[in-house]
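Encoded as structure tokens, the structure appears first; notes follow it.
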Amino acid sequence: GMLTVNFWYTPVLFGCFETMCTMRFDRCEWSNSFRYTKNPSALTGIFWDLDGTLTGFENGFVTKSQPFLGLPGICSSQEEHVDGIVCGDANGSTRLRRLYVSNAE
């Protein structure tokens, strides 16, 4: 688990730093901390929320926001995730995996 206190509007989690990875989180607690993740580069990886304490639902995922992830009912922006998009559904059946897209239009 992780307890975050008094980060206010400064993001807490910052991805994999130029590598692709999946980071698993559960039992997150947020006290006076309102921005959870920041996705500053295209290779920030995936935050996997095992229990709903990062995204609001079990097996939710956060990654860098990309136009092709604009899937109504599956992916949406949340202010807690700076430059990120949250994907998944309430029953936990949607999965997000690594995907590399280059020079796509």
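The values are calculated or read from the model by the stated rules, or taken from the named source; none is laboratory data. For clarity, every value in this text was computed on a predicted model and none was experimentally measured. Neighbour counts run over all protein chains shown; Cβ positions are idealised from the backbone, glycine included. With ligands, DNA and RNA removed, areas are computed over all heavy atoms of the protein, side chains included. Shrake-Rupley method; radii C 1.70, N 1.55, O 1.52, S 1.80 Å.
Residues in the chain average 59 Å² of solvent-accessible surface per residue, probe 1.4 Å, ligands and nucleic acids excluded. Structure remark: mean-square fluctuation, Gaussian network model of the chain, C-alpha springs under 10 Å; the largest value among Gly88, Gly73, Gly15 belongs to Gly73. For segment 40-85, the spread of Cα positions along the three principal axes, ordered from largest to smallest, is 25, 22, 16 Å. Ranking Val62, Cys16, Gly73 by Cα position along the charge dipole of segment 14-81, where only Lys, Arg, Asp and Glu carry charges on their C-beta atoms, puts Cys16 farthest toward the positive end. For the chain, DSSP calls about 45 percent of its internal beta bridges antiparallel. Between Trp8 and Asn91, residue separation times 0.36 nm minus the direct Cα-Cα distance comes to 26.8 nm.
For the chain, a simple Cβ point-charge model (Lys and Arg +1, Asp and Glu -1, everything else neutral) yields a dipole of about 220 debye relative to the Cα centre. Ellipsoid semi-axes for the chain, based on the Cα gyration tensor and the rule √(5λ), read 21, 16, 12 Å when sorted largest first.
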